[in-house]
Every structure is written in structure tokens, then in C-alpha cells.
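The values are calculated or read from the model by the stated rules, or taken from the named source; none is laboratory data. These figures come from a predicted structure and were not determined experimentally. Cβ placement follows ideal geometry from the backbone for every residue including glycine, while neighbour counts extend to all protein chains displayed.
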Amino acid sequence: MGIVDRIAEPWGTRTPYGPGQRWPTRVDRHLEPGLTEADIDRWVQSASVLHSNGDGLDIAVRDGRIVGVRGRAVDRVNHGRLDPKDLFGWQANGSSDRLTTPLIRRDGELVETDWDTAMNAVAGRTKELLEERGPSAIGFYTTGQLFLEEYYTLALIGHGGIGTNHMDGNTRLCTATAAAALKQSFGCDGQPGSYTDIDHADVIALYGHNMAETQTVLWSRILDRLAGPNPPAVICVDPRRTPVARAATVHLAPRPGTNLMLVNGLLHEILRQGRVDERYIEENTVGFDDLRQHLEEYPLERAAEVCDVPLADLREAARLIGTAQRLMSTVLQGFYQSHQATAAAVQVNNIHLVRGMLGRPGCGVLQMNGQPTAQNTRECGADGDLPGFRNWANDAHVEDLARVWNIDPMRIPHYSAPTHLMQMMRYVEDGSIRFLYVNGTNPAVSLPELHRIREILSQDRLFLVVQDIFPTETTRLADVVLPAATWGEKTGTFTNADRTVHLSEKAVEPPGRARPDLDIFVDYAHRLGLRDKDGDPLVKWSTPEEAFEAWKKCTAGRPCDYTGITYDRLRGGSGIQWPCNADAPGGTERLYTDGRFWAAPDRCEAYGRDMVTGAPVEPTEYRARNPHGKAMLEPGEYLPPHETVSDEYPYLLSTGRTLYHFHTRTKTGRAPQLQRAAPEVWVEMSGADADRHGWSEGDLLRITTPRGSVTARLRISAIRSGVVFLPFHYGYWDTPAGHEPALEGRAANELTFTDWDPASKQPLFKSGVARLERVEAEDGTPSAAPTTTASEPVGVTVPATRGGPDAEATETPDEGELR
């Protein structure tokens, strides 16, 4: 057993292994100071909810409180490992500023009230607007952090009860492009690959995916492969020198906004060298001739020039991809939040299709998620799509869902595509949406062009309901605030990025009068009087397990088939990957192993979109092109970014995340070890750019775009020249200190602009321009950016990021503790 400072060493100790071998077990554990295993009253099964990896863990309970966590050695996802957010984030549950009682706005102020008053206000305003204006006046904006059972209940209420088309999740900000790219290529959402592909791959390509910081335990798995015999080659596409880039065989740092050009160039070279599986293409795909012809315009030399990447590096990356025997690829926000997001992500799918690299160990693509339950948001229809991956444009699918819900099909809105979040904000802005129910998310920090978002959410004519666990920048604007229970205080299931379903059991009681989200939604449905065709309550369940059993019926025969999963099967062991049914009782590790896809016209989840205009493909056009349901090779036409550098705005601006925080720090800002590791916003710039201005590490800079300004201290890093980076986590409230307004002008989304990918409708947080000026010269104090991450300083020595004694965790390299 070892003791490691897991702030200073986020990925823990190496346990090397070779190709085809089982990833060794290492059980990580952190308890409150002074406690040992012998002091724990009970361990409660759960999994992590501060990233999308889905690490299996157990919650330590003593005297009715959560006092620590340990990894589950038996879990297929993490084999016992935990990351810093897993190890320390649970402390937020016990923070003294939890929301514990409902609040309602009276005379301009939020005051405490009882649940009846609060819920009657919410349901009453809903009924008024339904009578006055109809369902289109009602909107729902949810999260990627609830449980499956809660999303499904919300989708039933919104789509089947109220009948609104205005429902989306903050998954629109992180995983909408993943879903769009999977639908575009394979006809359906759902990740083809599995995390275990890391165990077999000889080449691993990460496109805009800083896995070391966003899925830290999964990166540990790659690090252990790299430390073992016959390690894989790693290709990293990222303008920053991330930990992934530092470990990579080839690091491609393209100019932001040119991802599509880069992947087109790689595809051109792969085809030019004949590195394709002709038989697989012929038997399993459509569109290859069009793709080949399109790619003639994208020779590698052109890609090198447009992307400003060395031609030799591009050639080496193409060689590695083209000669791989087992190729694994992952894609995340560096592509999803950038210019031409869907088109670029689809080209990664195309690489796997032309190489025949799907459905075998080590051969998979993972269009990754950013949030822990983003997959459930999409499966359950809480992001606007229909539950069970049904196609809103297919009447038979709508009728089938109506059968499951026992309602008239016309009650389910399917007259047009579901309304995406940014369009919903416009509807609120113009007054057509008058009621917005926000739960588990903080749009007053996370959405682009924040001054506009604050104005939209502050309108007197908008009735804003916010359901959350802490006061946030968004709850301050609400008309009603509903205090929710959180992870560890309620029971439910959630599904990670490789389709692994976990059960999270209730460990402790929620504080005060806080209630589980499921209970609040069921209460809301009953107060609205929602009924099915027979006059029975539309929502027929009251417990999480009852909701799960209802969800299983909704998934029967669908791609995300849960019918073989039960709470009992999830207890005591590992998670189970869907589809899990009579044909696959143990779950399904990889999709499309037989080259069959969910792309047939009568089965597909979507008919696709034009990736330049976003226009939906007509069903007749889809049927003519793909009558047999093969995978689709979709070309992508490169177009220049909407904003380009100028004398006034000479820098390209990118925003993103850091290892120690999750989203707007609602939870991680209240975990002392995590907050100390990254306490305040910073701005990254290359050494060459800093030298040209005469600036130094720690200088206070003002970053300005056409939308606004932010001040942050300078970190000189290995980011490519001409690009600056801001983490987006930091809002206007200091946490965990309390509710005092923080210094204005530190939220990165003050600077981002209101634009989105035409196909996925995902906002473009990594496409914009900026200028910088120095406000104050440094006084010998460096920026507070971590040194262990992509913000590692160059050319200057600064104090190393460490956690100290209270950030120590034990690492046990066997399963003895749990046996």
C-alpha cells in the first residue's frame, strides 16, 4: 500500500501492462483525516459524477455523514482507481451553504417558503401559460448530472404531458456533436467502442481530447499501456501542449478553426497510400466514391499550410493511422466546441470506416461525453430527442412511443426538429417562451455571451424556476428556487461514455428539506394533473426502481436496450454495458461487430443534416441513398472560421477546462483540495508572444473581444503562438467562502460569441478572436494556474502544485481490502 499526494500526482502510481493483458487493479481511497477503514459504519455502492468516465466507487458513511470514498476493484471501468475529483469532490455535499429550503421571489427578494407554496407557484404558472399561450410558452433546460430515472420522468412530463418541443440539456454544450456525428455516420447515437480498446490498440488517436484532465482515470489506463511492453503510438491533436501531447508520439497543434481541414488531409493521405479496407467499405458503407472525389481537394500539403502544422508531422500521423493493426480514436471538446464541429468529428468516423477499424478489440471510436450522465440525457429524450433513440421525423417511432406512454401520438411534439438550447434562449429573449425550468446547471456562467444571457434570464415576463443544490449565479435570478438532493443522497442509475450502466445507492439523507429531483418532478406532474388516455396518472411511478422498470419497457427493441438490466444485477459487482437483453444477457462490449448498423430508414434515429447549412435531410432522400442501412461516409467541406484575427483582435481565443474543476465549480469549488489547486482564473499565452509584448509570468492582463473583457493573470505555457486560453469554470461568486459577489470580469464566457455548429447546434466556445493588454506588471507572484496540467509553465520556475497532507490517498495494488 502506498500513500500519494493526488493533487501533485493526479494519475497516481503506474501499473504497467502489455497489449491484450488485463489492466492491473489498484484501489484508491481517501477518508477524512484520522479515520481508517475500521471507523467506517458502512460502504455504499456508487460511481463518480464529476466527469464522464463513470469510475466505480464506494461511499464511506460514518454517523450519517459521507466521510470518504474508495474505488471498486471489481468495476470494469476503473479497476479501483479514482481521480482527484472523485477522491475529494464528495466534500461539497456537506458544505454549509447548501440549499435546504424552497425560495420564492417576493418584492424583488428571494425568501424562504414551504414546498406546497413553491410547487403551487411552479405548477400554477405552468397551467396559466398553457391556457393563455399553449405548450410553446414552456421550456425546460436540464443538466448532464442527474440520474437516468429523473431524465426519463422529465422527458415524459415535457414531451408527453405538457407537449412542448422546447427541452434541452447542458449536454448541448459538451456532447451534442458526439450525438450528431454518431447519427450522421451510423444512423444512431451510442458509442461504437469500449474503454477496453485501450488494452488492445497499437495506435491511439485523441482529437481535441485532453483525456489527462477530463477523464483522468482513463488516461491512467493509457499511461499504464505506455509504461508496459509494446506500447501503443499516441497521436494528439490539440493547440496546447497538454499532458496528452507530452506523452504523444506525434503532437499536431493546428490553428484553431482548422480541425476539419486537418482530418480531411489525413484522410486524403490514407486513401492516396491505399491504406483502406476495400471489402469492408463495399459490404458495409455507402458514399465512398463521393468521399474519395471530395478529398482530392485536400492534399496533405494544403492541410499543413492552412492548419500551420509541419508537413512531416502530418505525414507521420497519417502513416501511423494508415498502418495501425488496431486503431482506437477519441474525440471531445477541442473538436465539438470548434468551427465545423460535426463535420470534423464525422471525418474521424470516416477514418475508422475506410480502414475497417470497428467492432474488434482495439478498434473503436469513442465520440466522448463531457458529463457523467450526458449519455442518459440523450437516451431518455431530455435533450429534446425522443426517448429510446426514436426518430422524431418517423411517424411510426412517434406512434410507438405514444403506445409506451399510453397517450395520443399527437400529444408528442414532432412537427419540427426539437428546439436546441441557443434557439430556446432566443425564444425567451423575444418573449415566446415565458416559463423556463432550469435544473442542475448554471447557464449564467456556462453559456456564451454572458451579458446577453443575464439580460435574457432577468426579464420580468420570464418565470424562471431553478432546481439546484447550491446558490449559484443562476439561482440569484430565479422566481422560485427548489432545493435538490444530490449524489449520495438519492438512488438512481447513470450511464457513462462507453455505455456502462452503474447504480448509485443512497448513502445519507439530504440536508434540511431538500428533495431528490425525481420526487420533485413527480410532484410537479401530479400538481399539473397530467393523465394518459385512460385517465390514469401519466407518471405512474414514485420510486427510482419503478422509474427504471418503466424505462426498460421504453427501450425494448431499441438500440439502447436495457431490458436485461435490473437493480439487483447492478448491485455488488460492476457496471453493465447496453444493449443488454435476451440476446446479450451480459451486455455488449462493442457495437457493430457484424458490420450491421441502426441506419436502415425505418430504424435510424435521424435522417441526418447538411453539415454546412444544418438543413435536415428529407426521409425520401435518405431512403434513396441508404435503403439497406449501411454506415454513411459523409464528406465535409472546409470553410474558414467566422471570426478571423485582425490588427484590432490579433489573437485566437480558446476556452476549456482544467483537471481540478468541473464546469462552474458549483461542487469542486467547495472541495478544499481542488479549490486550492486552481483557485482563480488565468490566461495562457506562449513564451514567444509574451516576449514580443515584454510581459512576464503573473502579469495581470485584460482580455477583450467584441463581447466584453476579462482580467486574469498570465501563465506562460507551451500553447501554440497566436492562441490564448482561458478556463471557463470561474463565475462571479467566490466559492466556498459564501455568497459575496466576486470581482466582475473573470468569467470566460463574457468573451465568447453566440454562434453554433449548424448540424449539432453546439455553441462554438473555441472559435473567436481577442486582444490583450497589461493592466498591472507582476509583483513576483505567478498566476495560480496548476503546474501539473496543460498550464504547466515554461521558461520560468513557479511553485509546484501540491495538495499536502490532506490530499493524500492510499493506493492498494490488489483486491485484498475488498475481499
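For residues that are part of a loop (DSSP other than H, G, I, E, B) and within 27 Å of Ser574 (Cβ to Cβ), tally how many sit in region 180-205. Even if it seems obvious, please write down each step before you answer.
Of region 180-205, the ones part of a loop (DSSP other than H, G, I, E, B) are 187-194, 200-202.
From what's left, within 27 Å of Ser574 (Cβ to Cβ): 188-194, 200-202.
Count: 10.
Tell me the residue from Tyr622, Tyr649 that is outside any loop (DSSP other than H, G, I, E, B) and among the aromatic types (Phe, Trp, Tyr), please. Spell out the reasoning first.
Working: Tyr649 fails: outside any loop (DSSP other than H, G, I, E, B).
Going through Tyr622, Tyr649 in turn, just one is outside any loop (DSSP other than H, G, I, E, B) and among the aromatic types (Phe, Trp, Tyr): Tyr622.
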- Message: Given (1) farther than 26 Å from Asp561 by Cβ; (2) surrounded by 16 or more Cβ atoms within 10 Å (Cβ to Cβ); (3) not polar (S, T, N, Q), identify the lone condition not met by Arg590.
- Response: (1)
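Listed here are the residues, each with its yes/no results for (1) without any contact (Cβ under 8 Å) to a residue 40 or more places away in the chain; (2) out of contact with any helix residue (DSSP H, G or I) (no Cβ under 7 Å at 6 or more places or on another chain); (3) small (Gly, Ala, Ser).
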| position | (1), (2), (3) |
| --- | --- |
| Ala393 | no, no, yes |
| Pro409 | yes, no, no |
| Tyr437 | no, yes, no |
| Ala444 | no, no, yes |
| Ser458 | yes, no, yes |
| Thr475 | no, yes, no |
| Gly492 | no, no, yes |
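Evaluate the following for Ile66: is it touching a Ser or Thr at 6+ places or on another chain (Cβ under 9 Å), under 22 Å from Arg42 (Cα atoms), in contact (Cβ under 8 Å) with a residue 12 or more places away in the chain and assigned to a strand (DSSP E or B)? Lay out the reasoning, then the answer.
Values: touching a Ser or Thr at 6+ places or on another chain (Cβ under 9 Å): no; under 22 Å from Arg42 (Cα atoms): yes; in contact (Cβ under 8 Å) with a residue 12 or more places away in the chain: yes; assigned to a strand (DSSP E or B): yes.
For Ile66, the condition - touching a Ser or Thr at 6+ places or on another chain (Cβ under 9 Å), under 22 Å from Arg42 (Cα atoms), in contact (Cβ under 8 Å) with a residue 12 or more places away in the chain and assigned to a strand (DSSP E or B) - is not met.
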- Query: Within region 676-693, which residues are closer than 13 Å to His729 by Cβ and surrounded by fewer than 21 Cβ atoms within 10 Å (Cβ to Cβ)?
  - Reply: Pro679, Glu680
- Qualifying residue in region 396-404 (condition: of a type outside the set (Phe, Trp, Tyr), closer than 15 Å to Gly158 by Cβ, at pLDDT below 95 and not assigned by TED's automatic domain parsing to the domain that holds Lys761): no
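Considering only region 274-330, state which residues are among the hydrophobic types (A, V, I, L, M, F, W, C) and part of a loop (DSSP other than H, G, I, E, B).
Val276, Val309, Ala324
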- Message: For Ala550, only one of the following conditions fails: (1) assigned to a loop (DSSP other than H, G, I, E, B); (2) assigned by TED's automatic domain parsing to the domain that holds Glu109; (3) farther than 22 Å from Val438 by Cα. What is its number?
- Response: (1)
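Please go through region 770-819 and pick out each residue that is assigned to a strand (DSSP E or B), more than 31 Å from the chain's Cα centre (by Cα) and among the charged types (D, E, K, R). Before the answer, list the steps.
Taking region 770-819 and keeping what is assigned to a strand (DSSP E or B), we get 770-776, 808-812.
Checking which are more than 31 Å from the chain's Cα centre (by Cα) leaves us with 773-776.
Result: Glu773, Arg774, Glu776.
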- Residue check, Arg596 against (1) in a loop (DSSP other than H, G, I, E, B); (2) touching a Phe, Trp or Tyr at 6+ places or on another chain (Cβ under 9 Å), all met but one. Which one? (2)
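Residues to consider are Glu792, Glu750; find the one that is modelled with pLDDT under 95 and acidic (Asp, Glu). Before you say what the answer is, go through the steps one by one.
Values: Glu792 fails: modelled with pLDDT under 95.
The unique qualifying residue is Glu750.
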- Task: Consider only pairs whose beta carbons are under 6 Å apart and that are at least six residues apart or on different chains; among these, list those whose first residue lies in region 536-561 and is modelled with pLDDT under 95 and whose second residue is assigned to a strand (DSSP E or B) and not hydroxyl-bearing (Ser, Thr, Tyr).
- Result: none
- Message: Just to verify a result, which residue in region 632-662, among those that are among the small types (Gly, Ala, Ser) and under 25 Å from the mean Cα position of the chain (by Cα), is farthest from Leu764 (Cα to Cα)?
- Response: Gly636
- Condition test on Asp189, is it within 24 Å of Arg378 (Cβ to Cβ) and either touching a residue at least 60 places away in the same chain (Cβ under 8 Å) or buried (at least 24 other Cβ atoms within 10 Å of the Cβ) (or both)? yes
- Query: Restricting the search to region 570-590, which residues are in contact with a Leu (Cβ under 9 Å, 6 or more places away or on another chain) and over 19 Å from Pro387 (Cβ atoms)?
  - Reply: Leu570, Arg571, Gly575, Ile576, Arg590
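Where in region 406-462 are there helices (runs of 4 or more DSSP H), lying wholly inside it, with at least 2 residues that are of a type outside the set (A, V, I, L, M) and under 22 Å from the mean Cα position of the chain (by Cα)?
Numbers: elements: 421-430, 443-446, 450-457.
Here the list reads 443-446.
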- Matching residues, region 602-619, being assigned to a loop (DSSP other than H, G, I, E, B), out of contact with any Asp or Glu (no Cβ under 9 Å at 6 or more places or on another chain) and closer than 23 Å to Ala343 by Cβ: Cys604, Asp610, Thr613, Ala615, Glu618
- Note on the structure: Quick count over region 75-130, residues being part of a helix (DSSP H, G or I), charged (D, E, K, R) and assigned by TED's automatic domain parsing to the domain that holds Ala525, is 4
- Message: Checking Ser574 against (1) in contact with a strand residue (DSSP E or B) (Cβ under 6 Å, 6 or more places away or on another chain); (2) within 21 Å of Val44 (Cβ to Cβ): exactly one of these is not met. Which one?
- Response: (1)
- Query: Would it be correct to say that Asp28 is modelled with pLDDT of 95 or more and part of a loop (DSSP other than H, G, I, E, B)?
  - Reply: no
- Task: Could you give me the residue pairs with C-beta distances under 6 Å whose first residue belongs to region 294-306 and is assigned by TED's automatic domain parsing to the domain that holds Val263, whose second residue is among the acidic types (Asp, Glu) wherever it lies, and which are 6+ apart or on separate chains?
- Result: Leu300/Glu269
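Could you run through region 215-264 and say how many residues are more than 25 Å from Val769 (Cα to Cα) and part of a helix (DSSP H, G or I)? First the steps, then the outcome.
First, pick out the residues of region 215-264 that are more than 25 Å from Val769 (Cα to Cα): 215-235, 243-244, 246-250.
In the following step, the residues that additionally are part of a helix (DSSP H, G or I) were identified as 216-227, 243-244, 246-247.
Going through region 215-264 one residue at a time, the tally reaches 16.
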- Query: Are any residues in region 70-112 surrounded by 24 or more Cβ atoms within 10 Å (Cβ to Cβ) and among the polar types (S, T, N, Q), and if so, which ones?
  - Reply: Asn78
- Message: Step by step: first the residues of region 755-778, then only those that are closer than 17 Å to Ser696 by Cα and touching a Gly at 6+ places or on another chain (Cβ under 9 Å), then the one that is surrounded by the fewest Cβ atoms within 10 Å (Cβ to Cβ). Which residue is that?
- Response: Ala777
- Within region 331-362, residues being among the small types (Gly, Ala, Ser), more than 16 Å from Val237 (Cβ to Cβ) and in a helix (DSSP H, G or I) number 0
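Looking at the structure I just gave you, is Gly139 buried (at least 21 other Cβ atoms within 10 Å of the Cβ), touching a helix residue (DSSP H, G or I) at 6+ places or on another chain (Cβ under 9 Å), not β-branched (Val, Ile, Thr) and not in a helix (DSSP H, G or I)?
Numbers: buried (at least 21 other Cβ atoms within 10 Å of the Cβ): yes; touching a helix residue (DSSP H, G or I) at 6+ places or on another chain (Cβ under 9 Å): yes; not β-branched (Val, Ile, Thr): yes; not in a helix (DSSP H, G or I): yes.
Yes, satisfied.
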- Going by the structure shown, is Phe521 under 24 Å from the mean Cα position of the chain (by Cα), modelled with pLDDT of 95 or more and of a type in the set (Phe, Trp, Tyr)? yes
- Working only within region 472-481, note down all residues that are modelled with pLDDT of 95 or more and in a loop (DSSP other than H, G, I, E, B). Thr474, Ala478, Asp479
